[in-house]
Every structure is written in structure tokens, then in C-alpha cells.
Amino acid sequence: MKSLEPELQCPVCRDIVKQPVVLPCLHSVCLMCASEVLIQSGYPQPELPPEPRSPASTPNTRSPRQMRRPMPKPERLDRLLRSGSGTHPGRRRKEGPPPLMLFPCVPCGRDVELGERGLAECMRNLALERIVERYRHTVSLGSVAVMCQFCKPPQALEATKGCADCRASFCNECFKLYHPWGTPRAQHEHVLPTLNFRPKVLTCPEHDQERLQYYCRSCQMLLCSLCKLRRVHAGHKMAPIAQAYQSLKDKITKELNFIQSNQDMVLTQMTQLEHAVTQTEVNSASAKEQLSHCVKEILALLTEKQTVLAQALENSRQRRAEALANQVAEKRSLLEHAGLMAYTQELLKENDPSSFVHAARVTHNRLAQSIDSMQRFSLSADPSFRHFQLDISRELKLLTDLNFLQAPLAPVIDTQRSLAYDQLFLSWRLPQDSTPVWHCSVEFRRRGVVPGGGARGGVRGGLAAARWGWQRLDEVTGSCAVIDRLEMDSVYVLRVRGCNKAGFGDYSEEVYLHTPPAPVLNFYLDSRWGLHADRLVVSKEQRCARSVPGLSLLQAADRALTSCHLTADLLVGDVAITQGRHYWACSVEPGSYLVGVGLESKLQEWFHLPQDMASPRYDPDSGHDSGAEDSSDSPPPFTFLTMGMGKIYLPSSASSHANHRESGFTHSNGPSSPTGVTYPLPQRLGVCLDFEKGRVTFYDAHSLRPLWEGPVDCSAPVCPAFCFIGGGALQLQELVANRNANQTPVRRVTIQSRVTKLN
């Protein structure tokens, strides 16, 4: 029972709670402690819950509140207030309604809103009070005699009865005095004498004497019958207090039984924790030893460097001192009665011409050099030693920043560059304040449910996907990775984390990439036919095309405005599809385009005419971008989607409407009409052709969301086709496998021969 005491302590005074109230965060605190904290925070005297009248409140008797325990220590209150996020003063004049009271809850570590009424809205925790009372009697804390609160000192007698209504303890004589027969007080409830009286039941803090009969599951609050009628609880899930009591009691009983039945697990985890504590001590000692070793190495290196630099300084000092000493000796010899001057004076006394000339030549040279040295005097060595100064600012900064190595921060995945095409390409970067990484670990897994559809393979497929754990690419250098051998039409979850000497850092936020619904078809733009070179330019790699504004385009546009002809420049892929399902993607500028597929023979027939030709969509009410009429049962020879002005036109047809209903697509960006709707042009447009079914589907290539599906004639080879109506540019999506390739891969063309361009 002694181990129960930490659960019964007030977080403010660290003593066993007395008259605990429940805060909105569901933590309990002493009523008087909470009141003192609010007063110290700058709030006015809080409005405490009302107490029933008792004889102890009369001026002639002692008040039971005089026996309350001392308040928390001031230094603890100051420390508690400093831990809060802020305080608010009391209400001032002309400042409108009072601010909400904030109580710094210690277990939560944050400020809790008490509401405008403050502690008056907090209900007492009667269950905790009963537990405290049983605990006191169990550990002999409640064996102190309870004295009568109405006997005059010094003849105070021990109390024998308590009154729950008067909330006071009485001896036999005082009880008879204050509860005479034939009065309403004689009907009061008698209890054992105690110093801590509780109300019989919880009542509503806003409506006096109203019992709490309901529990709001939405607000998690106890309500009376009047509070239940308030508008703030309209539509909330309500339950009778008895039902909530039984439900919560069953849950707690079940949780308690689970913990008691898994004591082995608790003991195992305690063993692991004890082992972790031991390892913490051992590893901390090892880290301290390594720290001391590193500091000793730095000090040894500094000592060695100091010795080398000091030796270099001493050598320079000796050389300079020797040079200056020689210069001093030379100057000293020029004094009047010393050295060279004395020798010269003696030489001038020689009278023999031949002997004088023979000996004076050397003296003459020395004197000439001395005079020249006097006229051009300078120190033979620099005494300043200014070249021997050390700049240690960089080293000091490094030593100041010297700290334990931290694991890398969570990488940030670049969602603009990352994509899933023929392979999955993932790109990321490290935050600026992150420590360097040695390598990264890329983890990925497949989700069991694809957006827009159900679980793959039914229930078994969903369970299999749920059991599929994370796959990992270890020791990835750089800031990108390529993942291959993925399943088609699947959503993959990816995350990255860095690693250095300190270990692995945090994971990045998970990103979701959707693989294409079919194998990716790699092709290039064919410039051998259907291309008007004076209006379109194809790049050297033949994966990009751009219209060239000029006189020819202006003249063609003028003819389009004055006749039923238009200017259409066709580009087709250099492959022809004869079987299977294939997917490709491209990005277009907000110009005018027709993007789709068509029979190679029909494309040659319609687009190998003069440059100004009749529109293939000659029936404006046909409902699709094809050369076939709606009345024809055969599929159209080609299917296009029209793009222009930053919009994409989605034709209206039975198949498209059904597709929209399945994908959950709603037309909210354009007016709906019998002929179709408009949709914002995606960054990349995907096309999927099912040759066997004769169906073509257009996607938003970024999210793989279906946009439109329609039929196409697949009785002969089908080619990807792009038609320019005006200006703009087209870029085919590059394969992920070719991004790091050193050379352009070999092009494989399905159709070997084509008709040359007609004139």
C-alpha cells in the first residue's frame, strides 16, 4: 500500500492531495494549491466552489478551515510559474470580458485553460478523496484523534460524530446542542468524525444542486439535465451516467486484467530497462574515456606544435641577434679611439711611401665601406617579429563549436523531381543545419490499397500486402536513388534517413508514388514525315519539339481565320504498337495541342496533305476528338485530347462518364455541357494504350489519376501522335534508366519502312 503514495501526491505541493479538483486536462490538484498558483500568476482571488452552511461558519466558533495544512513553499510556486508559457493579469476596467484563466499544469508541461469562471468550473475528485482516506487509515496516518470543533478550549473533547451536511465533527454534547430534536438539523446524515468532509454526490458547478446524470462522449464531460439542453452539445453522443459508469468500469477492468495476466511481459521489459540502465552507465563511462583521449590527443598535438613553432622562433632570434651583434661591432670599430679608427691614425704616421701604399689599400677599402654603410644605414635584422604572429580565430571557432557528433536530421524529399516511370526515382536533400552524412538508407514498401480502387487481389491480396514489410537500400551515396523491379499500377511508400558516425538519424516524411498502369514505352519523335520544318523544330535528341513563330505561322493563322481550314503540324512516334499494353508520358506548355494515338495509315492519309488541311474533327458535335461519326459503331481510327489556354478538354461520352464515376472525378473547373468539360492542364500527361481491348486512357501523370478513357481502332499498327495547332512546346518524359547513362540508348523501331512525305 505504501507504493500507492506517488499516485496520491499533488503535483504542486508534493504532498498527499486534499480536496482535489480535476483540471480540464484530467489531472488532479489540491484546491488551495490551485488557488495559490492562480493568485501568484496575477489573477484575482479565484471563485471557489460554494460550501454548504455549517455551524462552524459562525463568528463565535472556530472555522474548520483554520486547521488546513500550510500552503506550498514560495520558491516552489515561483518555479512552477516560471515553467508555464505565460500569465495573464486580472481584469481591468474598460477592457471587455475577462481573459481565460490559464493554469500551468506540471504533468502536462503546458498551460491549461480553466474558462472564465476558473476553479469554479472544476469539480472535486471524490473518488480520489475516498482512496486517500482509505490509504491514511491503512498506513496509520489517520490515527490522530479528531477533536470536537465546537468545544471551547481548553476543555476540547474528542469528536464522536460527524455531520455530512454541516461538514463538521462534534462531541456528544455539541452534537445534541446543534442538532436539537424537532428541527431540520435533526435529519442531517451522521458519519464518522473526520477532518475532510466531502459532498454526498457530485453536482453541476453551474446549476446548484443539479445532479450529474449524463456523460457527453464528444466533449468527455459530465452534464446535468440542464446542461444537456444547451446548444453546444447539440448532436453530441450522450449516455446516461450509469451506462458510462459501467462501460468505463468494464474497460478499466479489462485493461487491468490484461496487465495482470501479462506480468511476464512487464518483468521482461523491466529486465530490458535494467540492462539499458547498466549499458547506459557503461557506455557513458566509455564515452567519457574516449572524450578524455581525444582531448589528450588535441593537447599533445598542441604541445608538439608549440615546440616546433617555439624552436623556429628561437632560431630566428639567434640569427637576428648574431646579425645585429656583428653590426654593433662594426659600428663600435668606427669610434675615434677604437678599432679601425685607431689603426688608421697609426697608419697615417708611416713616412715610407712604398710601405704606406702597400698597406693603405686595404684600409682605404674598409673606410669606404664604412662611410657607405653610414650613409645607407639600416638594421641588418628586423627586431619586430611581426611575421611570427598566429591567427587562431578559425581554430578558436572550431574549438568553440566542438561538440559531440549528432546524427543527421531528417532529409527532405523533393517531390518535384521524384517520380515513378520505368523505374522509381527518388530525390532528397538535407536541411542546412544538418550534420554531414556518410550514406543514406532508402526504405520502401507497397501499399495494399490503390487510390481509386479496392484492395488488390481481394482480402487475401490486402492481407499479403499488409504483411509486406519495408525493403531497404543501404549505403546509398549522394542525394538520389533509383529503385527498379517494381510492380505496375501500385502505390509505393518511401522514406529516407541519413547515417554518420553517430548512427542513423530520423526518417523523412513518407511520400507516395504511383507506378504506371502498364510497361513504359520508350520512343522518339519521328521527323521523316508529317513534320513542317518551317513551323516546328525538333531537338537533336528527338524528344522535344517547339513551334517556331514566324511569317509562315502568321500566314497559316490568317488562313485559319478566313476559311474552314486550320494549321496543324503533326508529330508521331518512331514506334508502332501491334500488341500488349503500353504507357508513356509527356509534358506540354499551355498552348494548343492534340495528344493521343491513331492508326498509322490514317495518320498518313489525313496529315500527308497540303499544310493547310481540313480539321479531322469535322463534326463539332461528334463528342470525341476523332474522325469518326457518332453514328458509326466501329471505333475511331484515332483518339485525341485537346489542350489549350492551360486547360484540357475532356469529351463527354458514355465511357468517359462511367470512368469519372469510378474514379470519383468531379468537374469543378469548367462549365458542364453536353459536349464535355474542361479540366486544368496537369504538369505531365500520361497515355495508356490497351491494344487488345482497343482502349486508350489518359492520366494525370503526376498522381496517376484517370482523366478520360475512349475507344480506338487497333486493327492495324497504332502510333503515338501529337498535333500542334499554333505555338507551344512538347517534351517526352525521359526514362529514369537513361538519366545516368553515358550514351544515348539504341533506338528500336517497330516499323521499318514508311511512306515519304507527300508534296
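Does region 3-16 include one or more residues that are in contact with a Ser or Thr (Cβ under 8 Å, 6 or more places away or on another chain) and free of Cβ contacts under 8 Å to residues at least 24 places away in the same chain? Give the steps one after another, and end with the answer.
As a first pass, look at region 3-16 and keep what is in contact with a Ser or Thr (Cβ under 8 Å, 6 or more places away or on another chain): 10.
Subsequent filtering for residues that are free of Cβ contacts under 8 Å to residues at least 24 places away in the same chain retains 10.
Yes; the residues of region 3-16 include at least one that is in contact with a Ser or Thr (Cβ under 8 Å, 6 or more places away or on another chain) and free of Cβ contacts under 8 Å to residues at least 24 places away in the same chain.
Going residue by residue through region 564-571, is there one that turns out to be under 17 Å from Ala716 (Cβ atoms), at pLDDT below 75 and either crowded, with 21+ Cβ neighbours inside 10 Å or in contact with a helix residue (DSSP H, G or I) (Cβ under 6 Å, 6 or more places away or on another chain) (or both)?
Residues of region 564-571 that are under 17 Å from Ala716 (Cβ atoms), as a first pass: none.
No, every residue in region 564-571 fails to be under 17 Å from Ala716 (Cβ atoms), at pLDDT below 75 and either crowded, with 21+ Cβ neighbours inside 10 Å or in contact with a helix residue (DSSP H, G or I) (Cβ under 6 Å, 6 or more places away or on another chain) (or both).
For residues in region 427-439 being within 18 Å of the chain's Cα centre (by Cα) and in a strand (DSSP E or B), which is farthest from Arg485 (Cα to Cα)?
It comes out as Arg429.
Taking the residues in region 409-426 that are among the hydrophobic types (A, V, I, L, M, F, W, C) and assigned to a loop (DSSP other than H, G, I, E, B) as candidates, determine which candidate is nearest to Ala481 (Cα to Cα).
If we filter region 409-426 for residues that are among the hydrophobic types (A, V, I, L, M, F, W, C), which is where we start, we get 409-410, 412-413, 419-420, 424-426.
Now restrict to residues that are assigned to a loop (DSSP other than H, G, I, E, B): 409-410.
Working: Leu409: 18, Ala410: 16 Å.
Checking each candidate, the answer is Ala410.
Output the residues belonging to region 168-193 that are in contact (Cβ under 8 Å) with a residue 24 or more places away in the chain and of a type in the set (A, V, I, L, M). Can you show your working first?
Here is the first cut: in region 168-193, the ones in contact (Cβ under 8 Å) with a residue 24 or more places away in the chain are 168-169, 174, 177-178, 188-193.
If the condition is that a residue be in contact (Cβ under 8 Å) with a residue 24 or more places away in the chain and of a type in the set (A, V, I, L, M), then Ala168, Leu177, Val191, Leu192 are the ones that fit.
Here is a list of conditions, (1) among the aliphatic types (A, V, I, L, M); (2) over 36 Å from the mean Cα position of the chain (by Cα); (3) surrounded by fewer than 20 Cβ atoms within 10 Å (Cβ to Cβ), and Leu735 meets all of them except one; can you say which number that is?
(2)
Scan Ser143, Ser169 and give me the residue that is modelled with pLDDT of 80 or more and either part of a helix (DSSP H, G or I) or not hydrophobic (A, V, I, L, M, F, W, C) (or both). Quick ask: steps written out before the conclusion?
Working: Ser143 fails: modelled with pLDDT of 80 or more.
Just a single option satisfies the conditions, and that option is Ser169.
If we keep just the residues of region 397-418 that are exposed (fewer than 10 other Cβ atoms within 10 Å of the Cβ) and of a type in the set (S, T, N, Q), which is nearest to the chain's Cα centre (by Cα)?
First, the residues of region 397-418 that are exposed (fewer than 10 other Cβ atoms within 10 Å of the Cβ): 400-401, 403-404, 416.
Adding the requirement that they be of a type in the set (S, T, N, Q) leaves 400, 403, 416.
Details: Thr400: 30, Asn403: 25, Gln416: 17 Å.
In this case the residue turns out to be Gln416.
Please give the number of the condition Phe425 fails out of (1) touching a helix residue (DSSP H, G or I) at 6+ places or on another chain (Cβ under 9 Å); (2) at pLDDT below 85; (3) in the same structural domain as Val482 (by TED's automatic domain parsing).
(2)
I'm checking my understanding of the structure. Among residues of region 317-353 that are surrounded by fewer than 12 Cβ atoms within 10 Å (Cβ to Cβ) and of a type in the set (Asp, Glu), which one is farthest from Phe388 (Cα to Cα)?
Ranking the qualifying residues of region 317-353, first place goes to Asp352.
What is the residue count in region 525-537 for residues that are closer than 11 Å to Asp569 by Cβ and either at pLDDT 85 or above or surrounded by fewer than 17 Cβ atoms within 10 Å (Cβ to Cβ) (or both)? If you could, list the steps in order and put the result at the bottom.
First, pick out the residues of region 525-537 that are closer than 11 Å to Asp569 by Cβ: 530-537.
Next cut, either at pLDDT 85 or above or surrounded by fewer than 17 Cβ atoms within 10 Å (Cβ to Cβ) (or both) only: 533-534, 537.
The qualifying residues number 3.
May I ask you to say which residue of Val459, Val442 is modelled with pLDDT of 90 or more and either among the acidic types (Asp, Glu) or more than 24 Å from Asp700 (Cβ to Cβ) (or both)? Let's see the steps before the verdict.
Working: Val459 fails: modelled with pLDDT of 90 or more.
After ruling out the rest, the residue left standing is Val442.
Out of region 363-382, which residues are surrounded by 10 or more Cβ atoms within 10 Å (Cβ to Cβ) and in a loop (DSSP other than H, G, I, E, B)?
Restricting attention to region 363-382, the residues satisfying the condition of being surrounded by 10 or more Cβ atoms within 10 Å (Cβ to Cβ) are 363-374, 379-382.
Across region 363-382, the qualifying residues are Leu379, Ser380, Ala381, Asp382.
If I ask for residues that are on the phi < 0 side of the Ramachandran plot and in a loop (DSSP other than H, G, I, E, B), which ones from region 309-348 would you list? Write out each step before concluding.
Of all residues in region 309-348, those on the phi < 0 side of the Ramachandran plot come to 309-338, 340-348.
Result: Ser333, Leu334, Leu335, Glu336, His337, Ala338, Leu348.
Which residue is farthest from the chain's Cα centre (by Cα), if the candidates are limited to region 383-396 and must be surrounded by fewer than 11 Cβ atoms within 10 Å (Cβ to Cβ) and touching a residue at least 40 places away in the same chain (Cβ under 8 Å)? Before you say what the answer is, go through the steps one by one.
Here is the first cut: in region 383-396, the residues surrounded by fewer than 11 Cβ atoms within 10 Å (Cβ to Cβ) are 383-384, 386-387, 389-394, 396.
Applying the additional criterion that residues be touching a residue at least 40 places away in the same chain (Cβ under 8 Å) yields 383, 390.
On the way: Pro383: 61, Leu390: 45 Å.
For region 383-396, the residue satisfying everything is Pro383.
Taking interchain pairs and intrachain pairs at least six residues apart, which have beta carbon atoms under 7 angstrom, with the first residue in region 358-381 and at negative phi and the second of a type in the set (Lys, Arg)?
What qualifies is Ala381/Arg320.
Mind telling me which of the residues Glu95, Glu121 ends up being of a type in the set (Asp, Glu), at pLDDT below 75 and surrounded by 14 or more Cβ atoms within 10 Å (Cβ to Cβ)? Break it down stepwise before answering.
Working: Glu95 fails: surrounded by 14 or more Cβ atoms within 10 Å (Cβ to Cβ).
Among Glu95, Glu121, only Glu121 is of a type in the set (Asp, Glu), at pLDDT below 75 and surrounded by 14 or more Cβ atoms within 10 Å (Cβ to Cβ).
Among the numbered criteria (1) surrounded by fewer than 18 Cβ atoms within 10 Å (Cβ to Cβ); (2) at pLDDT below 75; (3) outside the structural domain of Cys30 (by TED's automatic domain parsing), which single criterion is violated by Phe197?
Of everything listed in (1) surrounded by fewer than 18 Cβ atoms within 10 Å (Cβ to Cβ); (2) at pLDDT below 75; (3) outside the structural domain of Cys30 (by TED's automatic domain parsing), Phe197 misses just condition (1).
Determine which single condition Asp474 fails, assuming it passes every other condition in (1) closer than 22 Å to Val736 by Cβ; (2) at pLDDT below 90; (3) exposed (fewer than 14 other Cβ atoms within 10 Å of the Cβ); (4) more than 22 Å from the chain's Cα centre (by Cα).
(2)
Taking the residues in region 229-253 that are among the basic types (Lys, Arg) and surrounded by 10 or more Cβ atoms within 10 Å (Cβ to Cβ) as candidates, determine which candidate is farthest from Glu206 (Cα to Cα). Walk me through it before giving the result.
As a first pass, look at region 229-253 and keep what is among the basic types (Lys, Arg): 230-231, 237, 249, 251.
Within this subset, residues satisfying the condition of being surrounded by 10 or more Cβ atoms within 10 Å (Cβ to Cβ) are 230, 237, 249, 251.
Numbers: Arg230: 12, Lys237: 21, Lys249: 27, Lys251: 30 Å.
Only one residue tops the list, namely Lys251.
The values are calculated or read from the model by the stated rules, or taken from the named source; none is laboratory data. Quantities reported herein were computed from a predicted structural model and do not represent experimental measurements. Every residue, glycine as well, gets a Cβ built from its backbone with ideal geometry; the counts of neighbours run over all protein chains shown.
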